Amino acid sequence: MQLDIRLPIGLLFTVFGVILVIFGLVSDPAIYQTHSLGVNINLVWGLVQIVFGAIMLWLALRGKKAKA
Amino acid sequence: MLQHSIQLHSIDYVLLVTYFVFVLGIGFVLRRQVSGSKDFFESGRSLPAWICALGFIGANLGAQEVMGMAASGAKYGIMTSHFYWVGAIPAMVFVAIFMMPFYYGSKARSVPEYLKLRFDEKTRGFNALTFACMTIMSSGISMYALAKLLNAILGWNFHGCIVVSGVIVLAYIFMGGLTSAIYNEVLQFFLIVFGFLPLVLLGLKDVGGWDGLVQKLVKPATDAGFAPGTFTQSWAHIGSASSNPMGVEWFGLAMGLGFVLSFGYWCTDFLVVQRAMAAKDMGAARRTPLLAAVPKMFFPALVILPGLIAMALHSAGGNFQLPPKNGGLDYDMVVPTMLSHYFPTGMLGLGLTALMASFMSGMAGNVTAFNTVFTYDLYQGYIKKDGSDAHYLKVGRWTTVVGILASMAAAYAAASFNNIMDILQLVFAFVNAPLFATFLLGMFWKRTTGHGAFFGLISGTVAAAIHHGLSLPHGAEVGIKGGWLGAIHVYPSEMAQNFWTAIFAWTTCFFATIIISVATRQKKSDEDLTGLVYSLTPKIKEQGVPWWQRPALLGSIVLALVLVLNLLFW
């Protein structure tokens, strides 16, 4: 049984997303003024990564079911 | 000064460490799936097309590429995208439609092995040896560039970076072989997309969108004495070499880059071809470069646009400034400067992780190509012909160790003797430029002989060297840049000289191969050449293949898309 690459991709980006979202919620808003034009990029891009990670995990699970 | 300009916080390290855990974890899980040399070197020829396709671009998208393209973007503007639209996509379509049937369909396990089947032992040996040296050099340069960058921007220990990156790449290839390398290239592909897309979006927002960017780039263009739109129009200023900062004209660009160099790389370099050969069947192998071409043509938006934005911000004179270097600007620092400007801690960790991932997958791509060519073409070819499969698997694993150690040595060589690196890179450029003529004749003209191929290649290489020795880029000194035979022609830029060196090498190889082939006897019978030459190979039947899996149709769509992109940014 070959490892489905979508599984580690999905896991990695979900983990990255969760870490960035949490950090985005607790971090000092001042860093976004100095760097990212006032956009809380950690929060926003963390959410995007969670969505992508979840899609990958869903595809991996679906692939597993289709094989079984 | 930009010394240690980036401060990382614990959150950035958490992201970095998480990535390394995943990389090693993938290798660890794949370890159990490697049961023979075919698994280790060819991924068991079992991967779906989309994975091979992302590996195909991932292996090519090393960090020098990412940083180099951004640097060129800042230096030359949008004309840099010719390296994608002219210098990659057409060749990718060609290799998929016309060449993959012979690579994948023959029994060859590597590109040099194809040369042995099609021509003879000496042609294979020449290609295998030069290729093996080249992969080690590239992997070493990757390592050196990574360590130098991390040392400069983060203050990390140079030697530590070399050892740690070497050990990590070694660990995952040693365990999972080619599959491990490809999986990590896919991971790296997504990391680059997720790490650089927000950078581009924030940058565009900052400069006022594409229109704002075009306006802000008028000043650097006119300051340098060019037409106002030079930085944002890809074809309009290419009529003569003096009207664009790249110093090239359209013929040199189309023939040198678009034909000789690009086809030479994408169609004959085992590093990329190996990814397609890992596909599960012929259809998937042919779709690999075609599927890869789609993201590839949009990559200028991710890797070149940051350079354009950096230049726009720099010339606007705000709080964003590129660091100076030797009286000009240090264009290599475009990416690190942009990352630290737009990314707060958190995203900064992700951006750096993406950069490190692409350094390491650039190394891994070279090392996997090296261990395959060394084991199959040099070790099995010349040292031990009749070993068991388990023996070659073992040799492959230990070759990986040797490859990494040799890369480290190359990294230190690059660090201490800059000239040696230049000379070696030049020699390999000479060897590579004529190669596509050999493959083109070999695959489409059955009369091409082994002697013709071998001596044609040698004369192409010699022609490249002579051309380089007789010409010089504008303003350069005689020596490593050329002119060592007496400069009789001066090119407006180094790039123009490179393109024309390639054109001379290719043309010489092409005609020399034809003349020598006609003069020598063809030792291979038609049966020997079946599956290796176009006219002697049965056409692939496409009945029952759905339209979206047909290579010719996919190829046409890809070419149409790239044409539209060229017209949009004309």
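Residue check: is residue B:34 within 14 Å of chain A (Cβ to nearest Cβ), assigned to a helix (DSSP H, G or I) and either among the small types (Gly, Ala, Ser) or on the phi < 0 side of the Ramachandran plot (or both)? So residue B:34 does not fit the description; no. A count restricted to region B:107-144 and to residues that are among the small types (Gly, Ala, Ser) and out of contact with any helix residue (DSSP H, G or I) (no Cβ under 6 Å at 6 or more places or on another chain) stands at 1.
Hey, any hits in region B:84-94 for a residue that's in contact with a Ser or Thr (Cβ under 6 Å, 6 or more places away or on another chain), in a helix (DSSP H, G or I) and open to solvent by less than 10 Å² (accessible area, probe 1.4 Å)? Yes, some residue in region B:84-94 is in contact with a Ser or Thr (Cβ under 6 Å, 6 or more places away or on another chain), in a helix (DSSP H, G or I) and open to solvent by less than 10 Å² (accessible area, probe 1.4 Å). The set of residues in region B:202-229 being out of contact with any Ser or Thr (no Cβ under 9 Å at 6 or more places or on another chain), open to solvent by 60 Å² or more (accessible area, probe 1.4 Å) and more than 9 Å from chain A (Cβ to nearest Cβ) consists of B:211, B:215, B:225.
Does residue B:70 count as open to solvent by less than 30 Å² (accessible area, probe 1.4 Å), in a helix (DSSP H, G or I), farther than 30 Å from residue B:174 by Cβ and of a type in the set (A, V, I, L, M, F, W, C)? Talk me through it step by step, then tell me what you get.
Details: open to solvent by less than 30 Å² (accessible area, probe 1.4 Å): yes; in a helix (DSSP H, G or I): yes; farther than 30 Å from residue B:174 by Cβ: yes; of a type in the set (A, V, I, L, M, F, W, C): yes.
Answer is yes for this residue.
For residue B:57, indicate whether it is closer than 22 Å to residue B:194 by Cα, among the hydrophobic types (A, V, I, L, M, F, W, C) and within 10 Å of another protein chain (Cβ to nearest Cβ). Against the criterion (closer than 22 Å to residue B:194 by Cα, among the hydrophobic types (A, V, I, L, M, F, W, C) and within 10 Å of another protein chain (Cβ to nearest Cβ)), residue B:57 does not qualify.
Of all residues assigned to region A:49-66, at least one qualifies as being open to solvent by less than 20 Å² (accessible area, probe 1.4 Å) and within 7 Å of chain B (Cβ to nearest Cβ).
So in region B:13-28, with the set limited to residues that are without any contact (Cβ under 8 Å) to a residue 60 or more places away in the chain and within 8 Å of chain A (Cβ to nearest Cβ), which one is surrounded by the fewest Cβ atoms within 10 Å (Cβ to Cβ)?
Narrowing region B:13-28 to residues without any contact (Cβ under 8 Å) to a residue 60 or more places away in the chain: B:17-18, B:21, B:25.
In the following step, the residues that additionally are within 8 Å of chain A (Cβ to nearest Cβ) were identified as B:18, B:25.
On the way: B:18: 17, B:25: 15.
So, considering only residues that are without any contact (Cβ under 8 Å) to a residue 60 or more places away in the chain and within 8 Å of chain A (Cβ to nearest Cβ), the one surrounded by the fewest Cβ atoms within 10 Å (Cβ to Cβ) is B:25.
Residue count for region A:16-32 satisfying the condition of being of a type in the set (Ser, Thr, Tyr) and not in a helix (DSSP H, G or I): 1.
Close Cβ contacts (under 7 Å, 6 or more residues apart or on different chains) running from residues in region B:335-346 that are on the phi > 0 side of the Ramachandran plot and facing another protein chain (nearest Cβ under 8 Å) to residues that are among the β-branched types (Val, Ile, Thr) and assigned to a helix (DSSP H, G or I) comprise B:346/B:11.
Using the structure shown, decide if residue A:2 is at the interface with another protein chain (Cβ under 7 Å from one of its Cβ atoms), touching a Ser or Thr at 6+ places or on another chain (Cβ under 8 Å) and not in a helix (DSSP H, G or I). Steps first, please.
Numbers: at the interface with another protein chain (Cβ under 7 Å from one of its Cβ atoms): yes; touching a Ser or Thr at 6+ places or on another chain (Cβ under 8 Å): yes; not in a helix (DSSP H, G or I): yes.
Answer is yes for this residue.
Quick check on residue B:293: is it small (Gly, Ala, Ser), touching a strand residue (DSSP E or B) at 6+ places or on another chain (Cβ under 6 Å) and open to solvent by less than 10 Å² (accessible area, probe 1.4 Å)?
On the way: small (Gly, Ala, Ser): yes; touching a strand residue (DSSP E or B) at 6+ places or on another chain (Cβ under 6 Å): no; open to solvent by less than 10 Å² (accessible area, probe 1.4 Å): yes.
The answer is no for residue B:293.
Tell me the residue from B:168, B:136, B:141 that is in contact with a Phe, Trp or Tyr (Cβ under 9 Å, 6 or more places away or on another chain), part of a helix (DSSP H, G or I) and buried (at least 21 other Cβ atoms within 10 Å of the Cβ), please.
Numbers: B:168 fails: buried (at least 21 other Cβ atoms within 10 Å of the Cβ); B:141 fails: in contact with a Phe, Trp or Tyr (Cβ under 9 Å, 6 or more places away or on another chain).
Result of the check over B:168, B:136, B:141: B:136.
Taking each residue of region A:30-42 that is more than 7 Å from chain B (Cβ to nearest Cβ) and open to solvent by less than 50 Å² (accessible area, probe 1.4 Å) and looking for partners that are outside any helix (DSSP H, G or I) and not charged (D, E, K, R) with beta-carbon atoms closer than 9 Å, six or more apart or interchain, yields A:38/A:29; A:40/A:27; A:40/A:29; A:40/B:344. Beta carbons closer than 9 Å, at least 6 apart along the sequence or on distinct chains, pair a first residue in region B:99-110 that is under 11 Å from residue B:534 (Cα atoms) and open to solvent by less than 10 Å² (accessible area, probe 1.4 Å) with a second that is of a type outside the set (D, E, K, R) and assigned to a loop (DSSP other than H, G, I, E, B) for B:102/B:108; B:102/B:531; B:102/B:532; B:102/B:533; B:102/B:537. A search for C-beta distances below 6 Å between a residue of region B:314-327 that is aliphatic (A, V, I, L, M) and any residue that is assigned to a strand (DSSP E or B), counting only pairs 6+ apart in sequence or on different chains, returns B:322/B:329. Residues that are among the hydrophobic types (A, V, I, L, M, F, W, C), open to solvent by less than 50 Å² (accessible area, probe 1.4 Å) and more than 7 Å from chain B (Cβ to nearest Cβ) within region A:14-29 comprise just one, A:21. Within region B:530-551, residues that are modelled with pLDDT of 85 or more sit with their Cβ atoms under 6 Å from residues that are among the aromatic types (Phe, Trp, Tyr), at 6+ positions apart or across chains, in these pairs: B:532/B:102; B:534/B:444.
The values are calculated or read from the model by the stated rules, or taken from the named source; none is laboratory data. Keep in mind the model is a prediction, meaning the values are calculated, not measured. Every residue, glycine among them, receives a Cβ derived from its backbone with ideal geometry; neighbour counts consider all protein chains shown. Calculation scope for accessible area: heavy atoms of the full protein, side chains included, ligands and nucleic acids excluded. Shrake-Rupley method; radii C 1.70, N 1.55, O 1.52, S 1.80 Å.
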